[in-house]
1. Among the residues in the range 138-150, are any within 25 Å of I170 (Cα to Cα) and part of a strand (DSSP E or B)?
2. When you scan the range 266-286, how many residues do you find that are more than 14 Å from M249 (Cβ to Cβ) and touching a His at 6+ places or on another chain (Cβ under 7 Å)?
3. Collect the residues in the range 261-277 that are buried (at least 17 other Cβ atoms within 10 Å of the Cβ) and either of a type in the set (A, V, I, L, M) or touching a residue at least 60 places away in the same chain (Cβ under 8 Å) (or both), keeping them in residue-number order.
4. Would you point out which residue out of D155, D117, D82, D67 is exposed (fewer than 14 other Cβ atoms within 10 Å of the Cβ), assigned by TED's automatic domain parsing to the domain that holds W177 and not hydroxyl-bearing (S, T, Y)?
5. Restricting attention to the range 233-246, does a residue exist that is among the β-branched types (V, I, T) and in contact (Cβ under 8 Å) with a residue 60 or more places away in the chain?
6. Right, A38: of a type outside the set (D, E, K, R), at pLDDT below 80 and under 20 Å from D118 (Cβ atoms) or not?
7. Need pairs with beta-carbon distance below 8 Å; first residue in contact (Cβ under 8 Å) with a residue 60 or more places away in the chain and within the range 82-94, second in a loop (DSSP other than H, G, I, E, B) and buried (at least 18 other Cβ atoms within 10 Å of the Cβ); sequence gap 6+ or separate chains.
Amino acid sequence: MNTKEYEAKGEIRKFYENKPISLLTKHKKEKIIAPILAEAIGCHVTLVLGYDTDQLGTFTREIQRIDNQIDTARKKARIGMDLLGLSLGMASEGSFGPDPFTGLMPWNRELIVLIDDDMETEIIGQAQGPGNQQHLLTSDWHEAVKFATRVGFPDQYLIVRPENDNNPKIHKDINEWPKFKSIFFSVASVFATGQVFIETDGRAHGNPERRKMIAKATEDLVNNMGSFCPACGIPGFSMVQRLPGLPCMHCGRPTRIIYAELWLCKKCGEHEKREFSEEERADPMYCDFCNP
Ligand SMILES: [Zn+2]
Ligand SMILES: [Zn+2]
């Protein structure tokens, strides 16, 4: 382990050790988040139970805009803080959809927000990558078995309904073969076509890939908590934007390739543009002028 990491952890502990932080969550996400935080910063995570977070937005098959996703997480964190009367609160929010590059791969983005009223700031952790979100419409049990095996059932839970993806007769928490088989055949008998819509469960407790992504987002949050503002010294000095415009190798005009990151302290507004490398140039294939 490198010494820098040790020092950073020591610094974070000064700010957060033994402080209670509320975590408003469903679907057992606390089992992923709380141990990572406790280990890295020594805080106590207090769960807010009995609040139905689904009121704040239903799960969709579209990737949300990042601003909406952050807003939902903020609202959840604030509700948890109010219910427990704490000055620190946390919540996570996930989203599934097609990947932002080709639109062909299932994609998962996880966010975790920490609101800190003591230091009047907010710190965000993020992770994104390929996610397990797949579906199949079939009347054939053998096809259903192939699909289930491919997506990692039964560790990966399934959701089943008749006919199409909007049918309200939904069966959730399917996590063993005999249960899957009996539900499949009873659902297949609902309509004459015998079609069954099967999909991977996106909720954290039924989606192992998503749990890994939530853990990564929590680690990113911990890293950002360990990054201190060069001006005011509080935690959370972190990257808020990637700036495109790396000059083209051929013509020197700005391209869509990222050339710098914008880092910001949300409390005092201190910011810093971190450029990757002065000599670096973009391949002309990314230049709108050389390769329109
Ligand atoms: Zn600052
Ligand atoms: Zn060019």
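1. Checked against the condition, which is being within 25 Å of I170 (Cα to Cα) and part of a strand (DSSP E or B), the range 138-150 yields at least one hit.
2. Number satisfying all stated conditions: 0.
3. L264, C265, K266, K267
4. On the way: D117 fails: assigned by TED's automatic domain parsing to the domain that holds W177; D82 fails: assigned by TED's automatic domain parsing to the domain that holds W177; D67 fails: assigned by TED's automatic domain parsing to the domain that holds W177.
The conditions single out D155.
5. Our first condition is that a residue be among the β-branched types (V, I, T); within the range 233-246, this holds for 234, 240.
Applying the additional criterion that residues be in contact (Cβ under 8 Å) with a residue 60 or more places away in the chain yields 234.
Yes - at least one qualifying residue is present in the range 233-246.
6. No.
7. Close Cβ pairs (under 8 Å, with a partner that is in a loop (DSSP other than H, G, I, E, B) and buried (at least 18 other Cβ atoms within 10 Å of the Cβ)) amount to L88/C43; A91/T25; S92/T25; S92/K29; G94/G202.
Yes or no, residue by residue, for (1) of a type in the set (A, V, I, L, M); (2) modelled with pLDDT of 95 or more:
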{"site": "D173", "(1), (2)": "no, no"}
{"site": "W177", "(1), (2)": "no, yes"}
{"site": "F180", "(1), (2)": "no, yes"}
{"site": "I183", "(1), (2)": "yes, yes"}
{"site": "S189", "(1), (2)": "no, no"}
{"site": "A192", "(1), (2)": "yes, no"}
{"site": "I198", "(1), (2)": "yes, yes"}
{"site": "H205", "(1), (2)": "no, no"}
{"site": "I214", "(1), (2)": "yes, yes"}
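The values are calculated or read from the model by the stated rules, or taken from the named source; none is laboratory data. Everything numeric here is computed off the predicted structure, so don't read it as measured data. Every residue, glycine among them, receives a Cβ derived from its backbone with ideal geometry; neighbour counts consider all protein chains shown.
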